[in-house]
Structures are given as C-alpha cells and as structure tokens.
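**Q** A single structure is presented below for examination.
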Amino acid sequence: MEPSDTELIAAVRKGDVQQFETLITRYQPRVFATARRYARREDEVQDIVQEVFIKAFQKLDSFRAEAPFEHWLMRMAVRTCYDFLRSHQRNRETTLTDLSDPEVDWLERFAAGPEDNSKNTDAARALVERVMAQLSPEARLVITLLEIEDRSVKEIARLTGWSVPLVKVRAFRARAQMKKILETLTREKYL
Amino acid sequence: MDLEKLQQKLMAAAKATPPSDQVPYAFEKRIMARLTAPLTVDVWAVWGRWLWRAVAPCMSVMAALGVWVLATTRPEPESPNLEQAIENTLLSSDDVAGE
C-alpha cells in the first residue's frame, strides 16, 4: 500500500528527504497542467514546476494539514504562475495584428455564422492564447480560473490569497479588458 | 459582431482542450537533485546584496544629518568687504612680525 501524503510529509519533516520524491511524482502532472495554462514555452513550464516544488519543500513546516496537501500545493502553484506572469509582463510576444491564416479563417467563419464554427478548434485555441497574452497578469489569472477552469469566486480567493471582493472586482475588470481586446481584434480584421 | 458570443466560443474552445499533464522523463529526479545538492554560497553575491540593502538606510542617515546640520548651524556674522579682507590677510604677517 502506498504511503499517504501525511505519512510522507511526516517522514520528510523528520529528515528523510527522499520521501519528498514520492510527493513530487504524485502531484507533478497536476502542477504541469496548471503551469501550461500560463506559460507557453516548455522550458518556462519546467522552471515554474521546479520552483513550485522547491518552495513546497522549503515551506513544508508551515503546512498545517488543515486542508489536503494537494490544495496547499495547488495554491502555491497558482501563486507561482501569477508571479511568472507578472515578471514576464513586459516581454509578451504575441500581437493582435499578425494572426495566422487559420485564425483569420476561424474569425471570418464566426462573423458569417456565430453558431456554426465548431471546426478547427486549434485555431480557436491559438486565438484564445493570443487574447490571453494581451491581458494583464491579474486579468489572465482570473479569466483562466473563473471562465476556463470554472472555479468559484471563493475558490479563487483561496487559491490566490485575494479577498472575495477583490476577486469580484478583478473579474469585472478582466471581462472588460477582454471585451476591449476582442473589439480591437475584430476591428483590426474589419470583421 | 457579437463580442459576447465570440468570448463564449473562445472560452469553450479553451475548456475543450485542457493543457497536457505530461511530465518530462525523470523530472522528479531533477528536482530532488536540486533539493539535495550541497548549498554553495556565493560570497560576492551576498556582499553585493547587503550593499544594496544598505543604500536606503545610509541615504536616510545622510538626509537626517543634513537636515540636522542645517537646523543647528548659526548664520555666520557679516564678513568685512573684500577690500578689507585682502588688506587684513596681506598685513597679518606684518602684525605678527611687529609683535
């Protein structure tokens, strides 16, 4: 039988550092999936995941076991991703002007019939990535957690460390920001 | 164009394709290697960091001293005019010799 998280954490705290490897193996797929929502390049994703686990190891003594270890770790992952977004705010590569042909095609088909463009989800995903890259770090985080991951405001508050009213305010601003970006996007393409 | 609808469509596309949770081979080993590696201290980096930290307190002390000096210094008495000052300086050696 596999040891529980609590047992592993207790062992690490007692000095058996190698037990931490089991915790990494257990949770790294989830942390990788989270990091890939915010970073595009694989080396950036790996750096984020590595930072999350190093922070978790260093702060393991502050883990109170009031909530599952996974929740504590995911909170750390989300905050690390937010720090990553803030530190990379200035070198966003994508612009709204250099859309690829499939992206333009997807938008044109949407303009012709908003109900009928279920095809080419790759183009839609590329468009989402382009739009998200234009958002501020706060807005991107909120939109990802709220709209894409379908999390509640309370959950977002717990994950980010922001208060519930602050999450609501940031969600409102994020939606407005996104609308503005979509307006620019569609105006530039004369749709 | 219906921007609300467009936003919904894009969000639906993002939801439909969640990011991969694939992990590079032996990634946990890489993290463990980092965690268990002996800690090497870069003395110059530590020194540099402390110097930077010292900048703000030093500037505050300097500013406080400046303010204190300005506040406590009494204004100098009126100096004699330039002509008188030169004469005093030139003749001071004669005065000393005369004594």
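**Q** So what J values fall out for region A:30-37 if you push phi through Karplus, 6.51 cos²θ - 1.76 cosθ + 1.60 with θ = phi - 60°, rounded to Hz, Gly and Pro as x?
**A** Per residue, the Karplus-derived 3J(HN,Hα) values read 5, 5, 4, 4, 5, 4, 6, 6 Hz.
**Q** Do you know the relative contact order of region A:2-94, to the nearest whole percent, from alpha carbon pairs under 8 angstrom that are 6+ apart?
**A** Numbers: 54 pairs, mean separation 26.2, N = 93.
Computed over region A:2-94, the figure is 28 percent.
**Q** Considering every residue in A:121-127, what mean count of other chain Cβ atoms within 10 Å of its Cβ is obtained?
**A** Values: counts 5, 2, 1, 8, 5, 1, 5.
Counting Cβ atoms of other protein chains within 10 Å of each residue's Cβ and averaging gives 4.
**Q** To the nearest 20 Debye, how big is the dipole of region A:145-191 about its Cα centre, given +1 on the beta carbon of each Lys and Arg and -1 on that of each Asp and Glu? Don't skip to the end; give the middle numbers.
**A** Details: 11 positive and 6 negative charges, 43 e Å.
So the magnitude is around 200 debye.
**Q** Rounded, prolate or oblate: pick one for the protein assembly as shown, where a ≥ b ≥ c are the square roots of the eigenvalues of its C-alpha gyration tensor, a/c under 1.5 means rounded, and failing that, prolate if a/b is larger than b/c, else oblate. Walk me through the intermediate numbers first.
**A** Values: a/c = 3.26, a/b = 1.71, b/c = 1.90.
Oblate, because a/c is 1.5 or more while a/b does not exceed b/c.
**Q** Counting only protein heavy atoms and using a 1.4 Å probe, what share of the accessible area of chain B belongs to carbon plus sulfur, as a whole percent? Kindly include the intermediate steps, with their values, before the conclusion.
**A** On the way: 5330 of 8380 Å².
Using a 1.4 Å probe with all protein chains present, chain B comes out at 64 percent carbon and sulfur.
**Q** Further question on the same structure: Dividing the convex hull volume of the Cα atoms of chain B by its residue count, what figure in Å³ per residue is obtained? Could you put the intermediate results ahead of the total?
**A** Numbers: hull volume 43.5 nm³, N = 99.
So the per-residue hull volume is 439 Å³.
**Q** Now, a different point. What is the packing order of peptides B:14-20, B:58-64, B:26-32, taking the mean over residues of other C-beta atoms within 10 Å and listing the highest first? Could the numbers behind the result be given before it?
**A** Numbers: B:14-20: 14.1, B:58-64: 10.1, B:26-32: 16.4.
With the highest mean Cβ count within 10 Å placed first, the list reads B:26-32, B:14-20, B:58-64.
**Q** Measuring with a 1.4 Å probe in the full set of protein chains, what accessible area per residue, in whole Å², belongs to chain A?
**A** Working: 10110 Å² over 191 residues.
Dividing the accessible area of chain A by its residue count gives 53 Å².
**Q** Report the charge-dipole magnitude of the protein assembly as shown in Debye, nearest 20, computed about the Cα centre from +1 at each Lys and Arg Cβ and -1 at each Asp and Glu Cβ.
**A** Values: 41 positive and 43 negative charges, 349 e Å.
The calculation lands at about 1680 debye.
**Q** Please give, to one decimal in nm, the separation of the simple spin-label points placed at residue A:115 and residue B:40, each 7 Å out from Cα toward the Cβ.
**A** For residue A:115 paired with residue B:40, the spin-label model returns 6.6 nm.
**Q** More than 22 Å apart: what percent of Cα pairs in region A:1-116 qualify?
**A** Numbers: 3289 of 6670 pairs.
Distances greater than 22 Å cover 49 percent of the Cα pairs.
**Q** Moving on. Assigning unit charges at the beta carbon (Lys, Arg +1; Asp, Glu -1) and nothing else, what dipole magnitude in debye, to the nearest 20, does chain B show about its Cα centre?
**A** Values: 9 positive and 12 negative charges, 371 e Å.
Taking the Cα centre of chain B as origin, the dipole is about 1780 debye.
**Q** Rounded to whole Hz and in sequence order, give me ³J(HN,Hα) for region A:146-163 from the Karplus expression 6.51 cos²θ - 1.76 cosθ + 1.60, θ = phi - 60°, writing x for Gly and Pro.
**A** 7, 8, 8, 8, 6, 8, 7, 4, 4, 4, 5, 4, 5, 5, 8, x, 7, 6
**Q** Just to be sure I understand the model, the point goes 7 Å from the Cα along the line to the Cβ. What's the resulting residue A:61 to residue A:86 distance in nm?
**A** Result for the modelled spin labels: 2.5 nm.
**Q** Taking 0.36 nm per residue of separation and subtracting the Cα-Cα distance, what length does fully extending residue B:17 through residue B:71 add?
**A** On the way: separation 54, 0.36 × 54 = 19.44 nm, distance 6.92 nm.
Taking residue B:17 through residue B:71 to full extension adds about 12.5 nm, to one decimal.
**Q** What's the longest piece of chain A with no exposed GluC sites (Glu not before Pro), counting a site as exposed if DSSP puts it in a loop and it has at most 13 other beta carbons within 10 Å? Provide the component values of the computation, followed by the final result.
**A** Details: sites that count: A:66, A:93, A:115.
Between exposed loop sites, the widest span is A:116-191.
**Q** Only Cα pairs under 8 Å and at least 6 apart count here; give the relative contact order of chain A as a rounded whole percent.
**A** Values: 143 pairs, mean separation 34.2, N = 191.
With pairs under 8 Å counted, the relative contact order is 18 percent.
**Q** Can you pick out the pairs among B:9/B:29; A:55/A:180; A:168/B:15; A:59/A:154; A:154/B:5; A:59/A:179 whose Cα atoms lie more than 31 Å from each other?
**A** In this structure, B:9/B:29; A:55/A:180; A:59/A:179 lie more than 31 Å apart at Cα.
**Q** Give the calculated FRET efficiency between residue A:25 and residue A:155 to the nearest 0.05, with a Förster radius of 22 Å applied to their Cβ-Cβ distance.
**A** Numbers: r = 26 Å, r/R0 = 1.17.
It comes to 0.30.
**Q** Counting only protein heavy atoms and rolling a 1.4 Å probe, how much accessible area do B and A lose on contact, total for both sides, in Å² to 100? Don't skip to the answer; put the middle values down first.
**A** Working: alone 10240 and 11710 Å², together 18490 Å².
About 3500 Å² of accessible surface is lost on pairing.
**Q** Still on this structure, I have one more. Nearest 0.05, what FRET efficiency do residue A:179 and residue A:79 give at R0 = 22 Å with Cβ-Cβ as r? Don't skip to the end; give the middle numbers.
**A** Working: r = 27 Å, r/R0 = 1.22.
Approximately 0.25, to the nearest 0.05.
**Q** Also: Give the carbon-plus-sulfur fraction of the accessible surface of region A:1-48 in %, rounded to a whole number; probe 1.4 Å, heavy atoms of protein chains only. Please report the intermediate quantities before stating the final value.
**A** Numbers: 1260 of 2540 Å².
The C+S portion of the solvent-accessible surface of region A:1-48 is 49 percent.
**Q** Let me ask something additional. How would you rank A:169-175, B:66-72, A:75-81, highest first, on the average number of other Cβ atoms within 10 Å across their residues? It would help to have the intermediate numbers written out before the result.
**A** Details: A:169-175: 16.9, B:66-72: 8.7, A:75-81: 21.3.
The densest-packed peptide leads the list: A:75-81, A:169-175, B:66-72.
**Q** Roughly how tilted is helix A:164-188, in degrees to the nearest 10 and between 0 and 90, from the longest Cα axis of chain A?
**A** 30 degrees
The values are calculated or read from the model by the stated rules, or taken from the named source; none is laboratory data. These numbers come from a predicted model, not from an experiment. Cβ sites come from the backbone with ideal geometry, for glycine too, and all protein chains shown count toward neighbours. All accessible areas refer to the heavy atoms of the entire protein, side chains included, with ligands and DNA or RNA removed. Shrake-Rupley method; radii C 1.70, N 1.55, O 1.52, S 1.80 Å.
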